[in-house]
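This report concerns only the one structure given below.
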Amino acid sequence: MTQSLCGKDKIQKNNLLGKNISLQKDIPQDIKQLKIKIMNNIILPLISRQWSQLYENRFFLDGIKIKLDYYYKLYKLEDLLLYKNIIYAFELMLNEHFQLSELEKQIYKTNEFTSIVYKTAMIKLKPEYELYDTILGKPKREKNQSYNDSTILYIQHLLAKENMTFQKIKEQVLLQCT
């Protein structure tokens, strides 16, 4: 199937079989609209951290899940399962965020004085430094300690290997350091 100049998909009849030989599948319009709804109501507001809009859109989740189940049974498209898992993860994240915001209201609620709380995104180190901190502990600045460069390079080397797990890296780093 190819795109014509008018923008419509047409079967290319110049092949010997006269059949669609591309791997592109025709996706029904209902599924396209559902995917657009998920993108507009869930994924894009989540990326832009519009929590109030996400909280308002939570009422549509049950209807979206029902449609995803129905369309999966009807068309057997694997990406619909992916969207269903995204919805499930989104529900868990939204519940956790709501609980956290309620807890913050309880903790920071004061009548005696004004307080300002500014939330920032979590600062993450490079993976090799995160692993170093987790396995060996953070170097203490007050004791003039710093990261061991050879250990950092060794952790980078281990991260580049295939099939490495945290446990394997931990064992190797502890063996090297002792």
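Go through (1) surrounded by 12 or more Cβ atoms within 10 Å (Cβ to Cβ); (2) among the charged types (D, E, K, R); (3) at pLDDT below 90 for Lys105 and report which single condition fails.
Checking Lys105 against (1) surrounded by 12 or more Cβ atoms within 10 Å (Cβ to Cβ); (2) among the charged types (D, E, K, R); (3) at pLDDT below 90, the one that fails is (1).
Filter region 57-67 for residues that are surrounded by 13 or more Cβ atoms within 10 Å (Cβ to Cβ) and of a type outside the set (D, E, K, R); which is nearest to Glu91 (Cα to Cα)?
The selected residue is Leu61.
Step by step: first the residues of region 108-132, then only those that are modelled with pLDDT of 90 or more and of a type in the set (Phe, Trp, Tyr), then the one that is farthest from the chain's Cα centre (by Cα). Which residue is that?
Among residues in region 108-132 that are modelled with pLDDT of 90 or more and of a type in the set (Phe, Trp, Tyr), the one farthest from the chain's Cα centre (by Cα) is Tyr132.
Can you say whether Leu54 is under 30 Å from Ser101 (Cα atoms), surrounded by 15 or more Cβ atoms within 10 Å (Cβ to Cβ), modelled with pLDDT of 85 or more and in the same structural domain as Leu100 (by TED's automatic domain parsing), as far as the supplied structure shows?
Taking the combined requirement at face value, the residue satisfies it.
Against the definition (assigned by TED's automatic domain parsing to the domain that holds Gln167, out of contact with any Pro (no Cβ under 9 Å at 6 or more places or on another chain) and modelled with pLDDT of 90 or more), how does Ile135 come out, yes or no?
For Ile135, the condition - assigned by TED's automatic domain parsing to the domain that holds Gln167, out of contact with any Pro (no Cβ under 9 Å at 6 or more places or on another chain) and modelled with pLDDT of 90 or more - is met.
The values are calculated or read from the model by the stated rules, or taken from the named source; none is laboratory data. Being a predicted model, the structure only gives us computed values, none of them experimental. Because the Cβ atoms are built from the backbone with ideal geometry, glycine has one as well, and the counts that use them run over all protein chains shown.
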